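Only one structure is covered here, and it is reproduced in the block below.
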Amino acid sequence: MRGRIVELQVEEVGATVVCLRLVGRLDAPGADQIGIRFSAGGSAAGRQVMVDLTGVTFVASMGIRLLIATARAARARGGMFVMFGAAEWVHAVLVDAAIDQIIPLFGTQAEALKSLNVT
Amino acid sequence: MIGMVSRLPEAPAGEQVLLMQVPAQRSALGPAQQRLTAFLASHGVGAKALYASELVLEELLANVIHQADLTGIDPSIEVRADLQPQRGAVVLQVSDSGPAFDPTAHADPVLPVSIDAARPGGLGLMLVRRWSDGIAYQRDGGRNRVTVSLNDPRGESGPST
C-alpha cells in the first residue's frame, strides 16, 4: 500500500547524537510497526536524540504518544530529545496537541543540532 | 481477511456518498483511511479537508476499536462520508453497536506543560474537535452515531486555529 508504510532509519550523527529518521505515516498502524525500534533507538543511555520528521506525511494521536513516551525515556536516561522538519499539517497537529511546548521542535536539522550543542 | 473494508450497498447514482463497514481491528484503520481519501480526492476535496478527514476518521475508529478491545464486543462499525459541495463541506459519520459512548461529553485533556506531566488519554478526541467544524452524537437503535462536519474551502490558506 504505497504511502501507507512508515520507515525508520537510525543514524549516528557524530559521537553523541542519534537521529531517528521517519518516512511515512505516524498513525496507529505506523506506531505499531516501528514502536519498539523507535523506542530502542531513542533510549540509548547518554545519547542526544534528534527526530527527523521531514518525511512524515501524517501524524495522529498514537504517533504522538510514541513521541512522548520516547522523549520521556530519553530524558530519564540523561539525554535531550528534539525534533525537526515537520511539514505543514503535521506541524499543525503537533502544535494543537501542545507537543511543541514539551519537546523542542525546529525547522531544520541544523537548528536541531545547534540546540544539542553540536555543529 | 484481516483489515478488509467492505462497501455497503451503493447510494443512488449521482449522490456523493461513501459507505463502508470497518472491522474492529487496528489493521483495518489503514484500508479505511485509504478508501476515504481516494473517494474524497476523486471529488476534488482540498488538502486540508483531506488531512482533517483522515485524522478524524483515525481517531474515531481507534476509539471504537479500543472500546471493543476492552469489552470484547464486536461493535459492527459503519462509516459514511457525504460530500456537500454546495455547503463546501464533508460530513463523516462513524456508527457502532458498542456500549454507549458520547465523545462530545468528554472534556479536552489539560495540555502538558512538561514532558514529565504528559499523560496519554483524551488526545485523539481533542484532535477531532480541533480539526472539525462541528461534531454531534446520537444514540439511536442501540448504535452510537458520531457525525462530524469538515469545511472544505477549496484553495484554503492554512489550518484553522
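Restricting attention to segment B:97-114, report how many residues are part of a loop (DSSP other than H, G, I, E, B) and over 23 Å from A:Arg72 (Cβ atoms).
Keep residues of segment B:97-114 that are part of a loop (DSSP other than H, G, I, E, B), which gives B:97-102, B:106-114.
Okay, now just the ones that are also over 23 Å from A:Arg72 (Cβ atoms), so B:97-102, B:106-107.
Number satisfying all stated conditions: 8.
What number of residues in segment B:68-93 are β-branched (Val, Ile, Thr) and closer than 14 Å to B:Gly134 by Cα? It would help to see each step written out before you state the result.
If we filter segment B:68-93 for residues that are β-branched (Val, Ile, Thr), which is where we start, we get B:71, B:73, B:77, B:79, B:90-91.
Right, trim to closer than 14 Å to B:Gly134 by Cα and you get B:90-91.
Of the residues in segment B:68-93, 2 are β-branched (Val, Ile, Thr) and closer than 14 Å to B:Gly134 by Cα.
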Please verify whether segment A:92-102 includes one or more residues that are over 14 Å from A:Val18 (Cα atoms), within 13 Å of the chain's Cα centre (by Cα) and more than 9 Å from every other protein chain (Cβ to nearest Cβ). yes
For segment B:41-58: of the residues being within 23 Å of B:Arg145 (Cβ to Cβ) and of a type in the set (D, E, K, R), which is most open to solvent (accessible area, probe 1.4 Å)? B:Glu54
Those residues that are more than 7 Å from chain A (Cβ to nearest Cβ), open to solvent by 50 Å² or more (accessible area, probe 1.4 Å) and in contact with a helix residue (DSSP H, G or I) (Cβ under 8 Å, 6 or more places away or on another chain), I need them from segment B:105-114; list them, please. B:His106, B:Asp108
Please verify whether B:Ser132 is more than 9 Å from every other protein chain (Cβ to nearest Cβ), part of a loop (DSSP other than H, G, I, E, B), of a type outside the set (A, V, I, L, M, F, W, C) and buried (at least 16 other Cβ atoms within 10 Å of the Cβ), treating the condition exactly as stated. yes
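Does any residue of segment A:15-24 turn out to be under 23 Å from A:Ala98 (Cβ atoms), modelled with pLDDT of 95 or more and more than 10 Å from every other protein chain (Cβ to nearest Cβ)?
So the first thing to find is which residues in segment A:15-24 are under 23 Å from A:Ala98 (Cβ atoms), and the list is A:20, A:22.
Checking the rest, the ones that are also modelled with pLDDT of 95 or more come to A:20, A:22.
If we keep only those that are more than 10 Å from every other protein chain (Cβ to nearest Cβ) as well, we get A:20, A:22.
Yes, segment A:15-24 has at least one match.
Of the residues B:Ala38, B:Ala24, B:Ala100, B:Ala62, which is in contact with a helix residue (DSSP H, G or I) (Cβ under 6 Å, 6 or more places away or on another chain), open to solvent by 10 Å² or more (accessible area, probe 1.4 Å) and over 30 Å from A:Ile102 (Cα atoms)? So that I can check it myself, show each step before the final result.
On the way: B:Ala38 fails: in contact with a helix residue (DSSP H, G or I) (Cβ under 6 Å, 6 or more places away or on another chain); B:Ala100 fails: in contact with a helix residue (DSSP H, G or I) (Cβ under 6 Å, 6 or more places away or on another chain); B:Ala62 fails: over 30 Å from A:Ile102 (Cα atoms).
One residue alone meets the criteria, B:Ala24.
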Of the numbered conditions (1) in contact with a Pro (Cβ under 6 Å, 6 or more places away or on another chain); (2) modelled with pLDDT under 90; (3) among the aliphatic types (A, V, I, L, M), B:Leu125 fails exactly one; give the number of that condition. (2)
What number of residues in segment B:138-153 are touching a Ser or Thr at 6+ places or on another chain (Cβ under 6 Å), away from chain A (no Cβ under 14 Å) and under 24 Å from B:Leu50 (Cβ atoms)? 2
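Between B:Ala117, B:Ala41, which is in a helix (DSSP H, G or I) and within 14 Å of chain A (Cβ to nearest Cβ)?
On the way: B:Ala117 fails: in a helix (DSSP H, G or I).
Only one candidate passes the filter, namely B:Ala41.
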Confirm whether B:Arg139 is open to solvent by 40 Å² or more (accessible area, probe 1.4 Å) and modelled with pLDDT under 95. no
How many of the residues making up segment A:37-62 are under 24 Å from B:Asn63 (Cβ atoms), more than 10 Å from every other protein chain (Cβ to nearest Cβ) and either open to solvent by 10 Å² or more (accessible area, probe 1.4 Å) or not aromatic (Phe, Trp, Tyr) (or both)? 2
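Under the condition of being part of a helix (DSSP H, G or I) and out of contact with any Leu (no Cβ under 9 Å at 6 or more places or on another chain), which residue from segment B:49-74 is nearest to the other protein chains (Cβ to nearest Cβ)? Spell out the reasoning first.
If we filter segment B:49-74 for residues that are part of a helix (DSSP H, G or I), which is where we start, we get B:49-71.
With out of contact with any Leu (no Cβ under 9 Å at 6 or more places or on another chain) added as a condition, the list becomes B:51, B:64, B:66-71.
On the way: B:Tyr51: 4, B:Val64: 12, B:His66: 10, B:Gln67: 14, B:Ala68: 14, B:Asp69: 12, B:Leu70: 16, B:Thr71: 19 Å.
Of everything passing the filter in segment B:49-74, B:Tyr51 is nearest to the other protein chains (Cβ to nearest Cβ).
The values are calculated or read from the model by the stated rules, or taken from the named source; none is laboratory data. These numbers come from a predicted model, not from an experiment. Glycine gets a Cβ as well: all are built from the backbone with ideal geometry, and neighbour counts include every protein chain shown. SASA here: full protein model, heavy atoms, side chains in, ligands and nucleic acids out. Shrake-Rupley method; radii C 1.70, N 1.55, O 1.52, S 1.80 Å.
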